[in-house]
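Shown next, in structure tokens, is the structure this report addresses.
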Amino acid sequence: MTEPVIGRFRFMDAQRVNLDGFAVEDPSLGLVAFDAPTDPMPCLVIRDGVVEEMDGKERAEFDLIDQFIADHGLDLSAADEAMALDELDFARMIVDLGVSRAELIRLAAGMTPAKLARCLSHLRPAELTLALTKCRARRTPSNQAHVTNRSDDPLLLAADAATAAAFGFREIETTVPVLGDAPSNAIAVSVGAAVGSPGILVQCSVEEALELQMGMRGLVSYAETVSLYGTEQIFIDGDDTPWSKAFLTSAYASRGIKMRVTSGGGAEALMGSAEGKSMFYLEARCVALARAIGAQGVQNGGIDSASVAGAVPSGVRSLMAENLMVMLRNLESCTGNDALMSESDVRRTSRTHPIFIGGTDFICSGFGSIQRYDNMFGPSQWNAEDIDDYLAMQRDWGVDGGLRTASEPEVARLRERAVAAVRAVYDALGLADFDDAWAAQAIDAAGSKDVPAADLMTPLGASRIIMDAGITMLDVVAALDEAGFEAEAERLLDMLRVRVAGDYLQTAAIYTEDMRVLSLVTDPNDYAGPGTGYAPSAARQQQIDGIRQARSVDDLRHEQQAFVRDDLIVVGPAQASTDPRDVVIGVSPATGLAIGRTLCGLTTVEAIEELLAGLEEEGCVGRIVRINDTIDLGLIGLTAARMAGSGIGIGLQAKGTALIHRRDLTPLANLELYSVAPTLTRAAYRQLGINAGRHAKGSTPEPQRNPYSDEAIEARYHTTVVSLVAIERQCCRPRSEPEQLLLHGRPA
């Protein structure tokens, strides 16, 4: 691209959205979201209970994926009815509140991949949001965290896992930058999660055989990185088939390990084998295959290829439609929002927000609860940098996105206990010793860069011992119990007990903190329109609303009292003056009584001192008068001007807004106004005093403007202003006369 000629476009090119890649549609490469020219037309021919033709292919032409879906992935009892439905009619049924989720599931089970894909391609974004609300498996939404770090530091992993649990994540996924560290990571995260909460499911995402082996030892409790693809060639490239994936699925289930598969639109294009088909059609094949192999859920919505889908027109809509397709196949939906789709905060929010509003089984299949640089999956769509934003979004919409605010004292306590627990386990099992400096750094750390004491060889050595000695979660439980961590030992033992019971193999299963299983079976989605379906309980809504930044009027009043001093002393009723040098500084009712600090951070006394100093520079005498009967700045300034011998008054509200008034003007008119109080400085107040003095003398002032800032002043300060105004109004005394004040007990 050539350098833009004009500054407006040079400026636009510098914005973060232009770090993203945007592709022209090219169906031959699979760079098309919906309806590629070579996508097959839906069809299904059944003879004697056998699928003989499906989506444009006769049985002799079926590839491995076609054959497995045809033989195991369709409900032939519903097929004739489902395939005969008009595509648009079925799309309308999805958003028709009179049609139940159960009926949609029944019909979708009889649809071929091409049929279901074409039906869902008709849904617009708002309709997709409603469809997610209606069609997800579990009534109660939840969320999943990534907990990783660059060092595979066991102490930091444990502290961060406990922190993730404190913020409300019900699944925690870890991985490794060094494959050999996996067993150590699995134990560290499992122990940390148990410190944070009962019932947390933990995964260590690594090569499938090692992942299964750790699961069989009880070191992890679920898996989700069993990948499916929509073309035969990619299965062959990976030495896999649908049958091998089905066998692996059964292996997990037979050991009581929850398992979902991973797929996502754009993967086939990224891997160079899209066969000229649309991303959405290929994903329809993956989802049908997931149902056929017996997986209880799917992690999809682009995942690692989300940026590929996001690069083409309507690609983000197709990612959301993928998630709906999983729900209609009656599977748990873990709706992507993990791999970073865009470097633009606006685009990544727009990708997640409709899903967040609709609600899913897991809003994120990996919210990076650690910082971006520590996320060994690569930066997530949402990371530790965004937790406060996400919590505020929940509060803004009154939506349960699966998270809650965690208090600093509680997180500090949990991090300290998690580090102590892991030290105890590693010591008891002979895995490693950690010195106090390392432990202290891990407790305090915001990320691995804050733990220079970490030894990178420790997790590798610990992992070798874990594998060679055959250490299982029962050994970890015993070590915790012996070291005095009875609660954590019991929580980890509970996770082994529920594995034997098998309840969390139910579709969309999670555990609550009181170890109740919530799933398609025990907590089925019953949304059927307004007044139905999931809504947060009163206690949960209070959690959602109670973000740590929220401040009440009482909170602000308490904070302000720390800045209220005995500097302003009432000496009696204020009188009018005839001295031509007299300029009155009129202050609002709460100034020096209930409000002691302005919005810019200066105390009210400091602001008054600068006003007085400016007047003094011009040879004028400043007099301080508290106006008790109004909080209106215009009237405060005008009252001050009418009392001043010079006819010039300064109005100052306790929050810092200030103006210069003259006795012959109307209340809403003024000579100068500082309306943006948060941006003011000592120099600004002094200049306002100087200009008031010049007006008093009849000389020419230097016009002042509000200092400029591109900060969102309204968003940051307006709620504080509401509270400060409420405090001012409580101090207002109607029909009360102005009072003369002295600063620091001396005449002014």
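All of the numbers you see were taken from the coordinates with simple rules; none came from a lab. On a predicted model such as this, the values are computed, not experimentally measured, just so you know. Virtual Cβ from ideal backbone geometry, glycine too; neighbours counted across all protein chains shown.
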Query raised in the report: By how many degrees, between 0 and 90 and to the nearest 10, does the Cα long axis of helix 154-166 differ from the longest principal axis of the chain?
Result: 70 degrees
Report summary line: Here the percent of antiparallel bridges among DSSP beta bridges lying wholly in segment 555-743, to the nearest 5, is 60 percent
Query raised in the report: Quick one: Karplus J couplings for segment 217-230, per residue in order, coefficients 6.51, -1.76, 1.60, θ = phi - 60°, nearest Hz, x for Gly and Pro?
Result: 7, x, 6, 9, 10, 7, 9, 8, 9, 8, 8, 10, 9, x
Requested in this report: Pairs of Cα atoms under 8 Å, at least six residues apart: use those to get the relative contact order of the chain, whole percent.
Outcome: 14 percent
**Report entry** Computed over segment 16-71, the ratio Rg/Rh where both radii use C-alpha atoms and Rh is Kirkwood
**Finding:** 1.23
Report task. Go through K57/K245; K134/K258; K134/K245 and tell me which ones have a Cα-Cα distance over 27 Å in this structure. Result -> K134/K245
Query raised in the report: Cα-based Rg of segment 373-460 per 2.2 N^0.38 Å, rounded to two decimals?
Result: 1.35
Query raised in the report: Going by how many other beta carbons lie within 10 Å of each one, how would you line up V500, V621, V45, fewest first?
Result: V500, V45, V621
Report task. For the chain, find the longest principal axis of its Cα atoms and tell me its angle to the long axis of helix 682-697, 0 to 90°, nearest 10. Result -> 30 degrees
Report summary line: Rounded to the nearest 10, the angle in degrees between the Cα long axis of helix 408-428 and the longest principal axis of the Cα atoms of the chain comes to 40 degrees
Requested in this report: Select from S369, T472, H353 the residue farthest towards the positive end of the dipole of the chain; place +1 on Cβ of Lys and Arg, -1 on Cβ of Asp and Glu, and compute about the Cα centre.
Outcome: H353
**Report entry** Over the chain: helical MRE at 222 nm, DSSP H runs n ≥ 4 each giving -39500 (n - 2.57), nearest 500
**Finding:** -13000 deg cm²/dmol
Requested in this report: With no solvent and one equal point scatterer placed on each C-alpha of segment 277-410, evaluate the Debye formula and give log10 I(q)/I(0) for q = 0.09, 0.13 Å⁻¹, two decimals.
Outcome: -0.26, -0.54
Query - Cα gyration tensor shape of segment 555-743, rounded if a/c is under 1.5, else prolate or oblate by comparing a/b with b/c - result: oblate
Query - Residues K697, K245, sorted so that the one with the fewest Cβ neighbours within 10 Å comes first - result: K697, K245
Query raised in the report: In terms of modelled amide H atoms, which long-range or inter-chain residues lie less than 5 Å from the amide H of L31?
Result: D26
Report summary line: Looks like segment 445-496, by Cα gyration tensor root eigenvalues a ≥ b ≥ c and the a/c under 1.5 rounded cutoff (else prolate when a/b is bigger than b/c, oblate otherwise), is oblate
**Report entry** At 1.002 mPa s and 20 °C, Stokes diffusion of the chain via Kirkwood alpha-carbon radius, µm² per second
**Finding:** 73 µm²/s
Query - Percent of beta bridges antiparallel (DSSP, the chain, rounded to nearest 5) - result: 50 percent
Report summary line: Looking only at lysines whose Cα falls under 27 Å of K655's and that sit 8 or more positions away or on another chain, we get none
Requested in this report: Please get the size of the charge dipole for the chain, origin at its Cα centre, with Cβ charges of +1 on Lys and Arg and -1 on Asp and Glu, quoted in debye to the nearest 20.
Outcome: 2880 debye
Report summary line: With the dipole of the chain defined by +1 on each Lys or Arg Cβ and -1 on each Asp or Glu Cβ, the option from Y511, V399, L123 whose Cα lies farthest towards the positive pole is V399
Query raised in the report: If we count other beta carbons within 10 Å of each Cβ, what is the order of V422, V178, fewest first?
Result: V178, V422
